[in-house]
Structures are given as structure tokens and as C-alpha cells.
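Colleague: Here you go, one structure.
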Amino acid sequence: MQKSPALRENIEVLLVAVIVAMAVRTFFIQPFKIPTGSMQPTLYGVYPPPNDRPTEYVRRPPSILERLAGIIFQGKMYETYGYRTRGDHIFVDKISYHFRKPRRGEVIVFDTTHIPEIPAPSRGNFYIKRLIGLENDVIQIKPPYVLVNGEVLDERPAFKRIYSLENGYHGYVIPETYPAPKYFPSSASTYTVPPKHLFPMGDNSRSSLDGRFWGSVPQEDLVGRAVFVYWPFSERFGRVD
């Protein structure tokens, strides 16, 4: 029994569509999910709502339609006494860096396989941070500012947002951890980015495991730059800056 021409054509179209989608994901645009809060307030990972929301939920449980809308549009995960919100889902541009060099201030995604200071269970994962230093740059942290080659890095709107005290984020800090960050034990410390490497930091400086602890990233491990938040439909939906 021969397959009908229409069925054969549909199968061919489906196969072509799958191949095209895989090619786009491999070479051009790849989706990623933000797992943690290290890039807040620019990008959010899974996070609990403000303290008043669980109380409101207990007082008036959402209807089925409200739950459905919350799940589809806002990425809510409903629990017994409230809800959490899923991390931002983004598109990463994988092609631009084949034609130009990374620019200071861009939000980048990179492979951590070749960063020995990252503990083995996490090494090899993809991280997302903001690109602070290019090769041969000298980095210094003088809270709340990060200095590159002796100048405060603040030319992009994102840095002004990070430095702002109004949103609860107080700029860049020297983490009060034990042991102290390997490369920035104090505000007097400086770090020179090695050739063909990049130095990244998280926007949420108080809660980010980044270059302060494990140094720089080989340029060859750069995956691409974050360009667009496509879900959920929050105030962060749209272009990443």
C-alpha cells in the first residue's frame, strides 16, 4: 500500500521544519531559562513573591481562570499557601560575536567547563552574567561602583539601575564571605583580565557567584549575548539591556 502524495508531502514539510528549527537553535538563536536571582533586577530566576502576596492568596484563593492566566502569562507556580514565579525565559543571540567582539556591559551567556575554581557539581553549566572587563582591563571594586581601568563603569542605563538605591540594589560589593573572594578580598584589590578572556559579574552583587570568586572566562567559551525576554509577560518582557 503506497502512501498518499499529501501524506508524504506533510512528512517532508515536518522534517524540513524540524531541521530548520534545530539549525536556528544551534547557530543563531537559543532559548535559555534564568535559574537564580544573580542577575536581578535585570533578569529574575525562580523567586517567591513579596510577603503580602501569600497572605492575599490565603484570604482569597484565585479562581480557575485566574490560576490559568497566572500560569500562562505570568509564569506562576501555585502552591498551598501562595505561589512562586518561574524564572525569566530569554533568547540568546549566538551569531553576533562571530562578526564583532563582545562589548563591555552586555549580558552574556557562557560555558563554565574551563573555569577550574567553580566547584565540580556546577562546572560545565551555562552561566549568565554581565560583561564587565575585556582582555587586559584592570578591574577594581569600590562599593558601590566597579572601576575599569580606573573609571567608574556607568555609561549604560543598566549600570545606573544597579547603582540606584531606590530599587533595593546597592551596586557592586565585596562579599562578606569566608573565605573572602579569591580575586577581590578587599576594595584595594585589582584584577587584570588575561588575554583572550572576559570578566563577568552578576547585577545582584550581594547574591552572585561570579568573577570575584573564580576569575575570568575564556573567550572561546562564550555562547552569546542575551537579547530578549520572551516569557513570562512581566515588566521585563522585551529587550535585555
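Colleague: Quickly run through the stretch 184-212 and pick out the residues that are open to solvent by 30 Å² or more (accessible area, probe 1.4 Å) and at pLDDT below 95.
Modeller: PRO185, SER186, SER187, ALA188, ARG206, SER207, LEU209
Colleague: Need at least 2 residues that are more than 17 Å from LYS94 (Cα to Cα) per element, so show me which strands (runs of 3 or more DSSP E) inside the stretch 186-239 make the cut, counting only ones lying wholly within it.
Modeller: 190-192, 197-201
Colleague: Still on this model: Restricting to the stretch 107-127, count the residues that are assigned to a loop (DSSP other than H, G, I, E, B) and closer than 21 Å to LYS94 by Cβ.
Modeller: Going through the stretch 107-127 one residue at a time, the tally reaches 6.
Colleague: Filter the stretch 220-238 for residues that are under 30 Å from HIS197 (Cα atoms) and not hydrophobic (A, V, I, L, M, F, W, C); which is surrounded by the most Cβ atoms within 10 Å (Cβ to Cβ)?
Modeller: My answer is GLY224.
Colleague: Moving on. If you check GLY70 against the conditions, is it over 17 Å from the mean Cα position of the chain (by Cα) and of a type outside the set (A, V, I, L, M, F, W, C)?
Modeller: yes
Colleague: Here's a follow-up. If we keep just the residues of the stretch 64-103 that are among the hydrophobic types (A, V, I, L, M, F, W, C) and open to solvent by less than 90 Å² (accessible area, probe 1.4 Å), which is farthest from GLU135 (Cα to Cα)?
Modeller: So the residue we want is ALA69.
The values are calculated or read from the model by the stated rules, or taken from the named source; none is laboratory data. This is a predicted model, so every value here is computed, not measured. As a convention, Cβ positions derive from the backbone with ideal geometry for all residues, glycine included, and neighbour counts pool all protein chains shown. For accessibility, only protein heavy atoms count, side chains too; no ligands or nucleic acids. Shrake-Rupley method; radii C 1.70, N 1.55, O 1.52, S 1.80 Å.
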